[in-house]
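Here's the structure, in structure tokens; my notes come after.
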Amino acid sequence: MAQIGFIGLGNMGLPMARNLLKAGHDITGFDVVAAAQEAARSDGIAVVAAPTDMLGGVDTVVTMLPAGEHVRSVYLGDEGLLAKAAPGTLFLDCSTIDVATSREVHAEAVDKGHAMIDAPVSGGVAGAEGGTLTFMVGGPKEAFARAKPLLEIMGRNIVHAGGAGNGQAAKICNNMILGISMIAISEAFALGQKLGLDPKVFFDISSAASGSCWAMLNHNPVPGIVETSAANRNYQPGFAAAMMHKDLKLSQAAASHAGAATPLGAEAAALYTLFVNAGNGNLDYSAIIKMIGGSAAN
Ligand code: NAD
């Protein structure tokens, strides 16, 4: 049984912590928001008043925070987790953050004698609740080996993608494909409809032809075509447009940092910025077809 500290008990973090608790591990939690603390307490998680308050009693810390700035504030600095934890503590950062911050935090963890992995996820809240997440992991082999039994409780597919930050790299490269694909599908279905094609007939053709892709088959933006699609539920997420927007911005920051040309990623980021700024951040990312194609989503 591991003694685990869990920081960031939001939509994803709380069900993940709950699964670790159910598996028999000892969980101490922290969140800055009172409602999240209360929800954790009512699930039987001991909640402390500050992240460092948990350090005396834990050998492992999992973080599930919104963005890089939150990860920095919790991990770094004289009062941060890395400075205060006993050497040898294992850190699992499951947040989706920028690669540069992730690598900086890894370096500091190594400097302080800790083991660390970055382990962003896909699978959403349903995956967190069901313990079926995919974890994309970056970090040293030894840290991965220590973390794996815990990841297997929270997830189903656990992939070691290489060194520090490579989990984040895999996550944002994958989601850049997804964002670009969704826009391509939206354009094609909207154009097809304007040309007189029935969307279902076009789906039957394209999904069995060279235009097929995962987003078309699973998250088709036109209602009434694919059972699993958020389009059938008035575009309630699913995977929120705000999240796609965040991941596309991360991919663009990484591309700029690495000197990589990603013109379609940049265009996808710009289109999701327009869509989110128009007040659609809480809709599923497939709802971008409303902006692109108009009538195809009606
Ligand atoms: P969320 O906003 O529901 O949860 C984040 C939690 O962190 C909140 O409860 C917030 O109060 C807490 N927090 C913020 N700053 C803190 C701090 N300094 N110390 C302690 N707690 C702090 O977000 P979420 O949906 O749970 O997402 C968490 C991460 O998982 C994000 O990086 C997101 O991109 C990623 N992610 C989310 C999904 C999804 O479907 N929700 C899917 C894949 C990945």
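Computed from the coordinates by the stated procedures, all read-outs in this text should not be read as laboratory data. Quick caveat, the model's predicted, so the values are computed rather than measured. So basically every Cβ, Gly included, is an ideal-geometry build from the backbone, and we count neighbours across all protein chains shown.
Converting phi to 3J(HN,Hα) with the Karplus coefficients 6.51, -1.76 and 1.60 and the offset θ = phi - 60°, segment 244-253 yields 4, 4, 4, 5, 5, 5, 4, 5, 6, 5 Hz in sequence order, with x at every glycine or proline.
Rounded to whole numbers, the Karplus 3J(HN,Hα) couplings from phi for segment 165-178 are x, 6, x, 5, 4, 5, 4, 6, 5, 4, 6, 5, 4, 4 Hz, using 6.51 cos²θ - 1.76 cosθ + 1.60 with θ = phi - 60°, and x at Gly and Pro. P221 sits among other residues whose Cβ lies under 13 Å from its own Cβ, and their net charge, with Lys and Arg +1 and Asp and Glu -1, is 0.
Placing +1 on the Cβ of every Lys and Arg and -1 on the Cβ of every Asp and Glu, with nothing else charged, gives the chain a dipole about its Cα centre of roughly 460 debye. Residues of the chain were split at every exposed loop site, defined as GluC sites (Glu not before Pro) in a DSSP loop with at most 16 other C-beta atoms within 10 angstrom, and the longest piece left, sites excluded, is 80-226. Select from A109, V58, I153 the residue farthest towards the positive end of the dipole of segment 3-163; place +1 on Cβ of Lys and Arg, -1 on Cβ of Asp and Glu, and compute about the Cα centre. The Cα lying farthest towards the positive end belongs to I153. Under 5 Å from the amide H of V47 lie the amide H atoms of G29, each residue being 5 or more positions distant or on a separate chain, with H modelled from the backbone and absent for Pro and chain starts. When the Gaussian network model of the chain links Cα atoms closer than 10 Å, the mean-square fluctuations of Q193, Q37, Q168 top out at Q193.
Apply 1/(1 + (r/R0)^6) to the Cβ-Cβ distance of E38 and L197, taking R0 = 35 Å, and write down the FRET efficiency to the nearest 0.05.
Values: r = 52 Å, r/R0 = 1.48.
For R0 = 35 Å, the calculated efficiency reads 0.10.
Taking θ as phi - 60° and the Karplus parameters 6.51, -1.76 and 1.60, the scalar couplings of segment 186-191 work out to 4, 4, 5, 5, 5, 5 Hz in sequence order, x denoting glycine and proline.
What the Cα atoms of segment 3-163 give is an Rg and a Dmax of 14.0, 38 Å. Taking 0.36 nm per residue of separation and subtracting the Cα-Cα distance, full extension of the segment from R156 to D204 would add 14.2 nm. Looking at segment 3-163, the DSSP beta bridges with both ends there are about 10 percent antiparallel.
Please compute the net charge surrounding A109, taking Lys and Arg as +1 and Asp and Glu as -1 over other residues with Cβ under 12 Å from its Cβ. Write out the running numbers ahead of the final one.
Values: positive: R103, K112; negative: D93, E104, E108, D111, D118.
Result for the local shell: -3.
Taking 32 Å as the limit for the C-alpha separation, the pairs K171/K290; K22/K290; K22/K200; K84/K148 exceed it in the case of K22/K290; K22/K200. The calculated Kirkwood hydrodynamic radius for the chain is 20.1 Å, given to one decimal from all distinct C-alpha pairs. Which percent, nearest 5, of DSSP beta bridges in the chain are antiparallel? Restricted to the chain, the bridges split so that about 15 percent are antiparallel.
Of interest is the spacing of the C-alpha centroids, which for segment 175-224 and segment 45-112 amounts to 41 Å. Once backbone amide H atoms are built at 1.01 Å from N, A2 has D26 as its partners under 5 Å, excluding neighbours fewer than 5 places away on the same chain. What angle, in degrees between 0 and 90 and rounded to the nearest 10, separates the Cα long axis of helix 99-111 from the longest principal axis of the Cα atoms of the chain? Compared with the principal axis, the helix lies near 20 degrees.
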